[in-house]
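A.B. asks: Pasting in a structure now, in structure tokens, and then I'll have a few things to ask.
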Amino acid sequence: MADTERLQWRKSTRCDNATCVEVAESAGGVVLRDGKDPTGPRLTFTARQWTAFLAWTRQRSQ
């Protein structure tokens, strides 16, 4: 994945306080991090994995 220090991070649309998940698009897909620990561990997803993850979360919220 791309250098994650240069990515443009945005908060989850479900964020309602300081403990938000942040997401950034990269050349290889999507990177996720904990907003309260921006230098901590990150999860990386390919575009296909991200699409599957979003579909799974939408299905679970119905």
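A.B. asks: Taking THR57 as meeting all but one of (1) within 12 Å of the chain's Cα centre (by Cα); (2) open to solvent by less than 60 Å² (accessible area, probe 1.4 Å), write down the number of the exception.
C.D. replies: THR57 satisfies every listed condition except (1).
A.B. asks: Turning to a different aspect of this structure: Please indicate, with yes or no, whether at least one residue in the stretch 40-53 is aliphatic (A, V, I, L, M), assigned to a strand (DSSP E or B), modelled with pLDDT of 90 or more and open to solvent by 60 Å² or more (accessible area, probe 1.4 Å).
C.D. replies: Yes; the residues of the stretch 40-53 include at least one that is aliphatic (A, V, I, L, M), assigned to a strand (DSSP E or B), modelled with pLDDT of 90 or more and open to solvent by 60 Å² or more (accessible area, probe 1.4 Å).
A.B. asks: Given the criteria at pLDDT 95 or above and either in contact with a strand residue (DSSP E or B) (Cβ under 7 Å, 6 or more places away or on another chain) or open to solvent by less than 50 Å² (accessible area, probe 1.4 Å) (or both), does THR4 qualify?
C.D. replies: When the stated conditions are applied, THR4 does not pass them.
A.B. asks: Just one of (1) surrounded by 14 or more Cβ atoms within 10 Å (Cβ to Cβ); (2) at pLDDT 90 or above; (3) not aliphatic (A, V, I, L, M) trips up GLY35, so point out which.
C.D. replies: Of everything listed in (1) surrounded by 14 or more Cβ atoms within 10 Å (Cβ to Cβ); (2) at pLDDT 90 or above; (3) not aliphatic (A, V, I, L, M), GLY35 misses just condition (2).
A.B. asks: When the stretch 14-36 is examined, which residues are found to be within 13 Å of the chain's Cα centre (by Cα) and of a type in the set (D, E, K, R)?
C.D. replies: Listed by number, the residues that qualify are ARG14, GLU22, GLU25, ARG33, ASP34.
A.B. asks: Do you know which residues across the stretch 15-37 are in contact (Cβ under 8 Å) with a residue 24 or more places away in the chain and part of a loop (DSSP other than H, G, I, E, B)?
C.D. replies: ALA27, GLY28, GLY35
The values are calculated or read from the model by the stated rules, or taken from the named source; none is laboratory data. It should be emphasised that the depicted structure is a prediction, and the values quoted were computed from it without experimental measurement. Cβ: placed from backbone, ideal geometry, glycine included. Neighbour counts: every protein chain shown. Side chains are part of the model used for accessible areas, which takes the heavy atoms of the whole protein and leaves out ligands, DNA and RNA. Shrake-Rupley method; radii C 1.70, N 1.55, O 1.52, S 1.80 Å.
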